[in-house]
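Notes to accompany the following structure.
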Amino acid sequence: MNRKVLVRVVTPFVSIGLLLLVWQAVVVGFNVKPYVAPRPLVAIRAVSDNWAVLWPLVLEIIRETVFGFLGGALIGVFFGVIMSKVKFLQRIIYPQLILSQAVPVVAIAFPLTVILGFGSVKPIIAIVIWIVFFPVTVNVLDGLSHVDQDLLNLARVYGASRWRTFVQIEVPATVTPLFSGLKIGATYAITGAFIGELVSPPLGGTNLALYVEHANSNFDPASVYGVTLLMAAIGVTWFLLVAGAGVLATPWERRSVARRWRRRTIATPQGDH
Amino acid sequence: MTSTALLDLHAVEKTFGDKVVLAPTDLRVAEGSFVSIVGPSGCGKSTLFNIIAGLLQPDGGTVKIQGRDVVGATGHVGYMLQKDLLVPWRTVEDNITMAARLTRRVTAVDREEARQIAHRYGLGEFLDHYPKALSGGMRQRVAFMRTLVTHQQLLLLDEPFGALDAQTRLDMQRWLLDVWRESGRTVLFITHDVDESIFLSDRILVMSPRPGRVVADVENPLARPRDIDVLTDPTFVALKSRIMHLLHGGGR
């Protein structure tokens, strides 16, 4: 790894470390009482000390986040594609999708729980889908609407079918905007899972949101802040994974030459033609 | 015209609203010839191209390629614009085989042909490069190779070198003449540049706007093969003067 790459990798961690330092400085400097806000290390210790209780709950919220995100991504792409292909449907569906985002998620969460089953994981997934699909749809729709018309005409001149034009030109041209939408969705997903867990806790069981709620009512801000930090870390990690997938999916944006495995499948005699 | 007409347009016309973009036009292009169309913006030359390519339906007239009526039908010509329209997500090799990929499965034969043509015309080392790594002139060359491997006899080139600097443009014109001679294709070439049209073509059609129509069909007597010396040849200069007057009026 060369220096430049090292700097690029290290800088974000330094930046977040600085934020924790500021937090520490404010709590110590202004003599903030521990029941108002803990020091960052105390918050982190509140998590590590209770890890045995916490980790199944953490695993659960990660599952909800990931499955909800994947569902939201699929549905987002679906709406984006059908709205770009059928203008008539776009005029009908788009206003409804915008309306769905204007409704406060927390408000819609309660009826969703009633419809899909209180205590079930379904309303949680549904809420994650609800907030993830929209940025995906908007970006996919924009991407598909801005494919170069001259390029589409060229495909027509070649005699390309609509399907092949879609697969060979419109889809690859939309990969970059798709990942913009996915990255926005990735940061939202964990929030959706948390709201979902708040309104649909498992019957007779617990989850991470309830854990935070109990910690809060037991005057244990260290756990509240600690778990919040943990969820932020999950959100950031998921964002990084999605962003990383985006980088892998668009090698042409950072490379001049294709990687070996993408190249020819058959050896070529060089030069001597 | 002694050789067979590859392209035969008869009374082709197009109106947008109440604006006659293309007055009834006849045009015959002999197989293997190089014909240029010069004219100001709005003279209907791109409309004419789009009708021949099958992208636009004319209001009247017939378009025949190799005797077949192709009005409103695509898949009969090679087509290249000022924008190279290379897709950034494909390598040079895969951009060259684009037409195959858009119509059927790309075969080993297609790939081999793409590689050979790239080697032959000096881009063999760039087969695995993405287009963004190439200069403007190289990109236009790739775009032209992509047009060649469609195996269409008729190539429509709409100001393909319009965005290049003068130096690169002249290099590309010389290169195009070489490739054209070797490939035996028929070229219909749109340009704003009178020098370019004379340097390249056998015939120059001069068009004028309002309504768009062909006002002159000029035979080019300059011998082939041509190189940069012809640019200062008295015949060249005389021809240029004649075409300039046809375009801008005044005199003779």
Dividing the Cα convex hull volume of the stretch B:83-151 by residue count, how many Å³ per residue is that? 80 Å³
So what's the angle, to the nearest 10 degrees on a 0 to 90 scale, between helix B:166-183 and the longest Cα principal axis of chain B? 80 degrees
Antiparallel DSSP bridges in the protein assembly as shown: what percent, to the nearest 5? 55 percent
Sorted by Cβ neighbour density within 10 Å, fewest at the top, the residues B:107, B:191, A:206: B:107, A:206, B:191
Efficiency of FRET from Cβ geometry, residue A:19 and residue A:92, R₀ 56 Å, rounded to 0.05: 0.80
Residue A:248 and residue A:146 label points (each 7 Å along its Cα→Cβ direction) are spaced in nm at 2.6 nm
Any idea what Rg and Dmax come out to for the stretch A:51-250 if you just take the C-alpha atoms, in Å? 19.7, 71
Just counting partner chain Cβ atoms within 10 Å, what average do the residues of peptide B:90-102 show around their Cβ? 4
Among the listed pairs A:87/B:83; B:45/B:83; B:45/B:240; B:83/B:132; A:85/A:183, which have their C-alpha atoms separated by more than 22 angstrom in this model? A:87/B:83; A:85/A:183
Please work out the Kirkwood hydrodynamic radius for the protein assembly as shown, using every pair of different C-alpha atoms, and report it in angstroms with one decimal place. 27.9 Å
Within chain A, which whole H helices from DSSP have a Cα span along their axis of at least 20 Å and a mean Kyte-Doolittle hydropathy of -1.0 or more, if any? A:3-29, A:51-85, A:87-102, A:122-145, A:175-199, A:221-249
Note on chain B: contact order normalised by length, alpha-carbon pairs under 8 Å, 6 or more apart, percent, works out to 25 percent
Working from Cα positions, state the angle (0 to 90°, nearest 10) between the long axis of helix B:136-148 and the longest principal axis of chain B. 90 degrees
Rounded to a whole number, the mean other protein chain Cβ count within 10 angstrom for residues of B:47-59 is 1
When A:200, A:120 are ranked with the fewest other C-beta atoms within 10 Å first, the list becomes A:120, A:200
Roughly what angle does helix B:108-120 make with the longest principal axis of chain B, taking Cα atoms, 0 to 90 degrees, to the nearest 10? 70 degrees
Chain B - Rg and Dmax from Cα coordinates, angstrom: 18.2, 58
Out of A:159, A:99, A:247, whose Cα points farthest toward the positive end of the dipole of the stretch A:51-250 (charges: +1 Lys, Arg; -1 Asp, Glu; placed on Cβ)? A:159
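Where a number appears in this text, it was derived from the coordinates with a stated rule and is not lab data. Computed from a predicted structure; not experimentally measured. Note that we place each Cβ from the backbone using ideal geometry, even for glycine, and neighbour counts take in every protein chain shown.
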